[in-house]
Every structure is written in structure tokens, then in C-alpha cells.
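Trainee: Please find one structure pasted underneath; my questions will follow.
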Amino acid sequence: MLEPKVVLFLASVLFCCGVYGVLSRRHLIMMLMSLELMLNAINIMLVTFSRHWAGKGAGLVGAHSGQFFTLMVMAVAAAEVGIGLAFIVAIYRRKHTADADAAAELKG
């Protein structure tokens, strides 16, 4: 089994890659994929903390709370992808591009 430090380091690298993708990309689908990468990194961290605390005698609820939160994050991520893709399709139909600047022009 891997040490929690190693897993948390790898998850933080994955999260930083997602942040870089959101900040540097202009294409909306790439930004959405980078957000999903960030959410997956958070899920890895939650499960790592849950496994770490399970060995400390945290009780049944404390030992599995990270996994419960991970399931909730996955449900929110699925809803976010559905709504996000619907917005991207609507922007593409109107502006014929999936650039983030095209979405900014839809204000007001």
C-alpha cells in the first residue's frame, strides 16, 4: 500500500494540472475537462484521508465519510458535465465556436 504522503502529492500534482488547464485554455470543452481533472484529484484526496483515518479507530461513520463525500462529488460532477455540455452546445449553435470569449459576449 502506498503511503498517504505519496498519494496526496500525486493528487495535488493532478489538481495543479487541472488548475493550469482551466487558466490557460480558451476552449470551453478543454476547460470542462480540466475542471473534471480537479474534481478527480479531490476525490483521490478524500479517499486517501478516509483510508488513513479508518486505521485510527475513527468509528464507522468517520472511517467512511471520505468515500461518502466522494460519491456526492461524483454526482455533482455528473450533473455539472450535463449542464456544461448543454451550455457549450448552445454557445456553439449561436456563435459557431466553443471559445470562452464567445461565451463572454453573450452577456446582457
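Trainee: Going 7 Å from the Cα of Ile83 along its beta-carbon direction, which residues of the stretch 14-32 have the amide nitrogen within less than 16 Å of the resulting point?
Mentor: 32
Trainee: Applying 1/(1 + (r/R0)^6) with R0 = 30 Å to the Cβ-Cβ distance of Met30 and Ala75, what FRET efficiency is obtained, to the nearest 0.05?
Mentor: Given R0 = 30 Å and the Cβ-Cβ separation, E is 0.80.
Trainee: Additional query: Round to the nearest 0.05 the FRET efficiency obtained for Lys95 and Phe49 when R0 = 41 Å and r is the Cβ-Cβ distance.
Mentor: Taking R0 as 41 Å, the efficiency between Lys95 and Phe49 is 0.45.
Trainee: Right, next: Give, in nm to one decimal, the length gained when the segment between Val22 and Phe68 is fully stretched (0.36 nm per residue of separation minus the Cα-Cα distance).
Mentor: 13.9 nm
Trainee: Give the relative contact order (percent, whole number) for the stretch 4-104; include only Cα pairs under 8 Å separated by 6+ residues.
Mentor: Relative CO of the stretch 4-104 lands at 28 percent.
Trainee: For the chain, what is one quarter of the convex hull surface built on the Cα atoms, given in nm²?
Mentor: Its average projected convex-hull area is 8.1 nm².
Trainee: Specify whether the C-alpha gyration tensor of the stretch 1-40 places it in the rounded, prolate or oblate class, a ≥ b ≥ c being the square roots of the eigenvalues: rounded for a/c under 1.5, otherwise prolate if a/b is larger than b/c and oblate if not.
Mentor: prolate
None of the figures in this text is laboratory data; all of them are computed from the coordinates on show. Remember, predicted model here, so these are calculated numbers, not experimental data. Cβ: placed from backbone, ideal geometry, glycine included. Neighbour counts: every protein chain shown.
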